[in-house]
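Taken together, the values in this text are just the output of simple stated rules run on the coordinates, not laboratory data. Keep in mind the model is a prediction, meaning the values are calculated, not measured. With ideal geometry, Cβ positions are generated from the backbone for all residues, glycine too; neighbour counts draw on all protein chains shown.
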Protein chains: 2
Amino acid sequence: MPEVVLAIDIGGTTVKGSVFVDGNEVPPGSTVPTFEKSSGAFDAVLAVLSALAGTARALGHEPTAIGVGTPGLVDRRAGMVRYAANLGWTNLPLGQLLETRFGVPTLIDHDARTAARAEMAARPALRNFVFIPIGTGVSAAVVVAGKTVAGARGQAGELGHIPTVPNGRPCSCGQFGCLEAYASAGAVLARYIAGGGNAESAADVAGVVGKDGLANEVWADAVNSLATGITTLTATLDPEEIIIGGGLGAAGSVLLDPLREKVESLLRWRDPPAISASRAGPRAGLLGAALLGSAARSNSTHTGQESS
Amino acid sequence: MPEVVLAIDIGGTTVKGSVFVDGNEVPPGSTVPTFEKSSGAFDAVLAVLSALAGTARALGHEPTAIGVGTPGLVDRRAGMVRYAANLGWTNLPLGQLLETRFGVPTLIDHDARTAARAEMAARPALRNFVFIPIGTGVSAAVVVAGKTVAGARGQAGELGHIPTVPNGRPCSCGQFGCLEAYASAGAVLARYIAGGGNAESAADVAGVVGKDGLANEVWADAVNSLATGITTLTATLDPEEIIIGGGLGAAGSVLLDPLREKVESLLRWRDPPAISASRAGPRAGLLGAALLGSAARSNSTHTGQESS
């Protein structure tokens, strides 16, 4: 019997999904491009999963597992989203709800840790690294000795809410000067527009860095906040590499070059880690969710051990 | 045959040591109270170990292993101190030198990670925590799922050199605004004296907090820098507890109370971790070195696995 995983990647405003049969993606994927917060996010998850189940059955395959990457404070073992501000979820037993609804073993995890599984699969020799997806928010998956660090209550990874600028800009979390208030795609765009710039997306801002004073300023603040976070993680955890992913991670050298320079200047007392772009790219979350689904199935049939 | 471990704890200006027979400390310990930098530190290590070997033999015990906690960038697997600014060491093969000199298996590790072994032994149920010893310098041992995190090149733990104040005070590492430039015992004392205060030690400064405006100011900066570091580690790693040790850690509630308050205020979007004083106290480094020595012996005789 083939392994048929329904994999979904929940973002701040969209839900993406695909079917993976024995590890191979079956096109086409399903996406709910935008949804309303609160109950809307869960309905969007159900809609995408139902569509994926339909896709699988049309191909003659019965779904065998579900894998879900979601933002927020996620307790993977309990299958619980403790808190996801952008989705309006508090203590949502997402794993159990989906298992009951679709009748197959389900594993959920934090979106960054889920995407990090795809990076690990792409580079199995890399055992100690930090994966930082930059999109609507900024988070981090810390991988130590080949395992993702979930923390005591599954709440690790909230790099977006570390203090980087004393008494700085207000953040959605209620604090001031958080990394996310400078370096997220949303913050870059909002600051550029607030300063009188004209742009539709953070990518537009990235496109005029070097030619536009306001873009230079906003971008430098984003780079400095990210560099502060990366410097702190490197000093305390000594990762071999920092991998930048997510939508803004696709900006390439306009982000990575100044980021490498700034991190190096803050770490003159030791070798800086390599800083690279995600190998799995914007589909890392979905590929990781498929790997998570495989682990769910292994767990349920007692044929294997989940690795992290 | 009893297990006879020579355990030493190398500090910025002193080397302390004790003999442990089957896990029990044999008094009295040996200490070289102060030494000169550069070659002086290694001579001090040899002097203490020779004295300890003499103590053991006088009791009728032949040494069976050596355990060493040392500051700096330490590669435990290679037995190498990559860089220790305060000791003047660069790429010193300390483990091998001591094995050759004393003829017994030797394990060395970073001082904070070594001391964290004593905290783990004191509280085996605690699996995810960060141990922060505050003394001449400030470092951190991150413990994830019961194992210390050494990093890709054994250089994890340098919490003292994370940026906490943009364009802040100069640090010995060459950077500006490092945590250590505000929160180490040396920084607290130096800033108090530079401001016109009269004190012999950081403990003296701690003793007048609440009664002396200058002490209040210096102390608040130390607390704020530590809180920034703890907030960042909590957001990204979600430890169950933060354990404060080292000389300044003994300050007790004058440090822990405002630190808890500040960390809580920076983490309103999630539950803060517990912040506690070291259970093993100022002898954590020495007790941890004894546990390290036990692991060295187990490794060499293939009777056990080293745990971290």
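Here is how the numbers come out for the structure above:
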quantity	calculated
Per-copy distances of the residue B:26 label point, shortest first, in nm (7 angstrom along Cα→Cβ)	7.1
With Cα atoms, 0 to 90° folded angle of helix A:39-58 axis to chain A main axis	50 degrees
Helix-only CD estimate at 222 nm, as mean residue ellipticity for chain A, using -39500 (n - 2.57) per DSSP H run (n ≥ 4)	-12500 deg cm²/dmol
The protein assembly as shown - share of DSSP beta bridges that are antiparallel (%, nearest 5)	60 percent
Using alpha-carbon coordinates, inclination of helix B:253-266 to the longest axis of chain B, degrees	70 degrees
Among A:76, A:268, A:153, residue whose mean-square fluctuation peaks in a GNM of chain A (springs only between Cα atoms under 10 Å)	A:268
Cα gyration tensor, region B:124-278 - rounded (a/c under 1.5), prolate or oblate	prolate
Choice from A:226, A:259, A:214 with maximal GNM fluctuation in chain A (Cα, 10 Å cutoff)	A:214
Ascending list, in nanometres, of distances separating the residue B:88 label from those of the other copies (7 Å, Cα toward Cβ)	6.7
Angle in degrees between helix A:213-237 and the longest Cα principal axis of chain A, rounded to the nearest 10	70 degrees
Across the identical copies, how the residue B:101 labels are spaced - nm, sorted shortest first, 7 Å along Cα→Cβ	6.6
For A:147-159, mean number of other protein chain Cβ atoms within 10 Å	6
Other protein chain Cβ atoms within 10 Å, averaged over every residue that makes up A:169-176	2
Efficiency of FRET from Cβ geometry, residue B:176 and residue B:261, R₀ 35 Å, rounded to 0.05	0.85
Inter-label distance, nm, simple model (7 Å from Cα along the C-beta direction), residue B:58/residue A:58	8.6 nm
Gyration tensor (alpha-carbon) shape descriptor, chain B, a/c threshold 1.5	prolate
Using a Förster distance of 41 Å, the FRET efficiency for residue B:268-residue A:277 (Cβ separation, nearest 0.05)	0.75
Calculated FRET efficiency for the pair residue A:46/residue B:127, C-beta based, R₀ 41 Å, to 0.05	0.70
Among beta bridges that DSSP assigns inside chain B, antiparallel share in %, nearest 5	60 percent
Cα gyration tensor category, rounded, prolate or oblate, for region B:162-229 with a/c compared to 1.5	prolate
